[in-house]
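Below: the structure, in structure tokens.
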Amino acid sequence: MTASTTQLDARELFKSAYENRYTWDPTFPGYSADFVLNLKEHTYTGKVTVTKGMEVTVETDDQPAEEWLRNQMKDVVVHRKFSDFETSHGKHTFTVDGEPDTTGAVAILVGGDAMGSNYKVRDQQVVQVSRVMGRMAFTINHLDKIDTGKGYISSAYNAVFTNPQDGQVLRQLKFIDIYENFDGHYLMTKQIVSGTEMGQKTYTEISFNNIQLG
């Protein structure tokens, strides 16, 4: 197999997985929901809104909790917002890195990505993402999914954060995301995050209720 063929195969493998993700379609009307957030042994309540234009607002009495949840919801929106492959990755190069692993996942190295992202792909799904962002590196492993019929949503995954200089593990988290179908749009109704940070166990749970479209 020539280098150019390997590059082409890697691009097609990644593109197939990228386009198989579930994203909100053009009819997405936005939504609002009441939330209950259990964070660091405290409970916060309020309202979160995601507009049709994918803007996030959080209403709650506690500023640190508001900022935390707003950032978390922005991450959710990034994964659900549609972006075509050429816009997101048209300028990147893709190369298969070695043979498939024991699960059949193919490692793909990405060139031209400012975040230094690398992936593993299997069965038209991205099953691992590795990135270096400044003084922190992380690897996310896909564990389970929801098949919406219009693409998959990762419903269970773990994340390991390390020091890129010496590989020291700084934090480990496991995510469980629960989604439900609201008039053809899959929206998160609960997220549970458990793990360890600096040797201490952590647990966070967010529940979204009274979800209203539009």
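Laboratory data are not the source of any read-out in this text; all were calculated from the coordinates shown. Keep in mind that what you see is a predicted model, and the values were worked out from it rather than measured. Cβ coordinates were reconstructed from backbone atoms using ideal geometry, including for glycine residues, and neighbour counts include every protein chain displayed.
Over the chain, dividing the summed -39,500 (n - 2.57) contributions of all DSSP H runs of at least 4 residues by the number of residues returns a 222 nm mean residue ellipticity of -6000 deg cm²/dmol. Comparing 150, 190, 15 in a Gaussian network model of the chain, where Cα atoms under 10 Å apart are tied by springs, the biggest mean-square fluctuation is seen for 150. Simple rule: put +1 on each Lys or Arg Cβ and -1 on each Asp or Glu Cβ in the chain, find the dipole, and look at 88, 168, 193; the Cα lying farthest toward the positive end is 168. Relative contact order of the range 49-124: 17 percent, from C-alpha pairs under 8 Å at least 6 residues apart in sequence.
Across the chain, the relative contact order, built from alpha-carbon pairs under 8 Å that are at least six residues apart, equals 20 percent. In a simple Cβ point-charge model (Lys, Arg +1; Asp, Glu -1; nothing else charged), the range 171-214 has a dipole of about 260 debye relative to its Cα centre. A Cβ-based charge dipole, computed about the Cα centre of the range 119-214 with Lys and Arg at +1 and Asp and Glu at -1, lands at about 320 debye.
For the range 46-61, the Karplus equation 6.51 cos²θ - 1.76 cosθ + 1.60, evaluated at θ = phi - 60°, returns couplings of x, 9, 10, 10, 10, 7, 4, x, 6, 7, 10, 10, 10, 10, 7, 7 Hz by residue, with Gly and Pro reported as x. Here the Karplus curve 6.51 cos²θ - 1.76 cosθ + 1.60, taken at θ = phi - 60°, turns the phi angles of the range 145-150 into couplings of 8, 10, 9, 8, x, 10 Hz, with x standing for Gly and Pro. Among 187, 213, the order by Cβ neighbours within 10 angstrom, fewest to most, reads 213, 187.
Checked against a 21 Å cut-off, the cross-linked pairs 47/145; 15/74; 40/174; 52/174; 40/120 give Cα-Cα distances beyond that limit for 47/145; 15/74; 52/174; 40/120. When you restrict to C-alpha pairs under 8 Å that are six or more residues apart and normalise by the size of the range 13-94, the relative contact order lands at 26 percent.
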